[in-house]
Amino acid sequence: MLPFRSLAWTGHSLRLLDQRRLPHVTEYVECTTVAEVAAAIAAMTVRGAPAIGVAAAYGVVLAAQAVTDFDSLPAVLQTAAASLKAARPTAVNLAWAVDRLLQVSGPDLATWQARLLAAAHRLYQEDAEINYQIGCQAQAVIPNEATVIHHCNTGALATVDYGTALGAIRVAAEQGKKLMVYLDETRPRLQGASLSAYELLAYGIPFRVMVDGASGHLMRTQKVDLCIVGCDRVAANGDVANKIGTYNLALAAKAHNVPFYVACPLSSLDLTTPHGEAIPIEERDSREITHIGDRPIAPLGTPVYNPAFDVTPAAYVTAFITEKGLVYPPYGETLPRLREMLS
Ligand code: MRU
């Protein structure tokens, strides 16, 4: 049983574990309106592509539950969907989850509202199952006694449960594999040092946190078996948007012949986006760079470049690990074929 839950439906509200305060403070935030859910996604109270998708689905539910007459429901849902999708632009899971809820309808207000809630619960349930499947599929490429590099946080905190890349590490440990996991601290928001370290401590998996710039040195001087990361959006040609610093890690992995795997639920695959250049990259507040907590570390007024994500070209990805199996190049053919097989 996990000692934490990233999000949960209470029966009348969405309860979020405030990830901005972890690991030292465990505090929950309760959202009772769609505006509060959109604000929590934008502020990264809840974060990680799958988790923000599921949170947004409950945001749609809250918008619907505030409606008292059937005729106004469609317009309310459209407005809610637009505000949720705008909260963070890069992770395609957000729009994907909201669009799934928009496909729901009902003959009267109460039925429609109940169906929306059921659809959000289904997404919640499916997310945990899909992540566990990704973890199982990943075992084909995670040997026993492996040394692994991981970037950002992609675990149970970034999803409903298990997680994608960190979920694969957790499943490996559950199967008795001995691992050493090097966690990129993941500047500027430090999801590796604060969140992934918190999770691996809870699971009892050996790890070390390192600064992002240490991964090249580690791969040059020690045997590293693989890098594994998550994704926020995978374009049709296999280009991957993920947390800033992923591309640097992929470049270093390529230079040292270390396999670079991307754990990817099929909800992160966006075949309508042809390549990485077309993926919108979120830029966040300069304060994330100029301050650590409330403490300024740069001169007042320092100009900042703060992209929250980067794009790793498909050529750097050894394979995608999906809930349906591993996908290898040429991704322009294999990714669309996978989607076709499933539709
Ligand atoms: O800005 P964040 O913390 O939401 O970014 C998270 C990531 O980049 C993860 O790697 C990605 O969302 C996959 S989480 C399973």
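The values are calculated or read from the model by the stated rules, or taken from the named source; none is laboratory data. Remember, predicted model here, so these are calculated numbers, not experimental data. Every residue, glycine among them, receives a Cβ derived from its backbone with ideal geometry; neighbour counts consider all protein chains shown. Calculation scope for accessible area: heavy atoms of the full protein, side chains included, ligands and nucleic acids excluded. Shrake-Rupley method; radii C 1.70, N 1.55, O 1.52, S 1.80 Å.
Summary table below
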read-out: Where 318, 32 fall by accessible area, highest first, once all protein chains stay in place (1.4 Å); value: 32, 318
read-out: Full-extension gain in nm, residue 326 to residue 43, via 0.36 nm per residue minus C-alpha separation; value: 98.5 nm
read-out: 5 angstrom amide H check on residue 322, placed H, neighbours 5+ away; value: 264, 327
read-out: Between region 285-343 and region 228-258, the Cα center-to-center distance that results, in Å; value: 6 Å
read-out: 29 Å tail of the calculated P(r), the chain, as % of Cα pairs; value: 37 percent
read-out: In nm, spacing of pseudo-spin labels at residue 103 and residue 211 (7 Å Cα→C-beta vector); value: 4.7 nm
read-out: Listed residue (130, 95, 57) projecting farthest to the positive dipole end of the chain, Cβ model; value: 130
read-out: ³J(HN,Hα), Karplus 6.51/-1.76/1.60, whole Hz, each residue of region 136-149, x for Gly, Pro; value: 5, 4, 5, 5, 4, 10, 10, x, 5, 6, 7, 9, 10, 10
read-out: Most to least packed among 267-276, 9-18 [average Cβ atoms within 10 Å]; value: 267-276, 9-18
read-out: Other-chain or far-sequence residues with amide H under 5 Å of residue 149's (modelled H); value: 182, 226, 227, 228
read-out: Under-5 Å amide H pairs with residue 209, H placed in peptide plane, nonlocal only; value: 183
read-out: Electrostatic dipole magnitude of the chain [Cβ: Lys, Arg +1; Asp, Glu -1; Cα centre; debye, to 20]; value: 720 debye
read-out: Viscosity 0.890 mPa s, 25 °C: Kirkwood-radius Stokes-Einstein D of region 138-342 over Cα pairs, µm²/s; value: 142 µm²/s
read-out: Residue-level accessible surface for residue 162, protein heavy atoms, 1.4 Å, Å²; value: 40 Å²
read-out: Magnitude of the charge dipole, region 7-133, Cβ model with Lys/Arg +1 and Asp/Glu -1, debye to 20; value: 340 debye
read-out: Backbone N under 20 Å from the residue 180 label point (7 Å along Cα→Cβ), restricted to region 209-230; value: 209-229
read-out: Partner lysines for residue 223 [C-alpha distance under 24 Å; skip if fewer than 8 residues away on the same chain]; value: 177, 178, 254
read-out: Label point distance in nm, residue 202-residue 271, each placed 7 Å from Cα along Cα→Cβ; value: 3.5 nm
read-out: Accessible-area ranking of 100, 295, 233, 115, largest first, probe 1.4 Å; value: 295, 115, 100, 233
read-out: Per residue value of the accessible surface for the chain (all protein chains in place, 1.4 Å probe), Å²; value: 42 Å²
read-out: The chain, accessible surface, carbon-and-sulfur percent (1.4 angstrom probe); value: 55 percent
read-out: Cα-based convex hull, region 7-133, per residue volume (Å³, whole number); value: 97 Å³
read-out: Table column - 3J(HN,Hα) (Hz), region 309-326, Karplus curve with 6.51, -1.76, 1.60, x for Gly and Pro; value: 9, 9, 10, 9, x, 3, 4, 8, 9, 5, 6, 8, 9, 10, 5, 9, x, 8
read-out: Compactness of region 102-225 - radius of gyration and Dmax, Cα, Å; value: 18.2, 65
read-out: Exposure of residue 28 as accessible area (Å², to 10), given a probe of 1.4 Å and all protein chains; value: 90 Å²
read-out: Principal-axis tilt of helix 331-342 within the chain, Cα atoms, nearest 10 degrees; value: 40 degrees
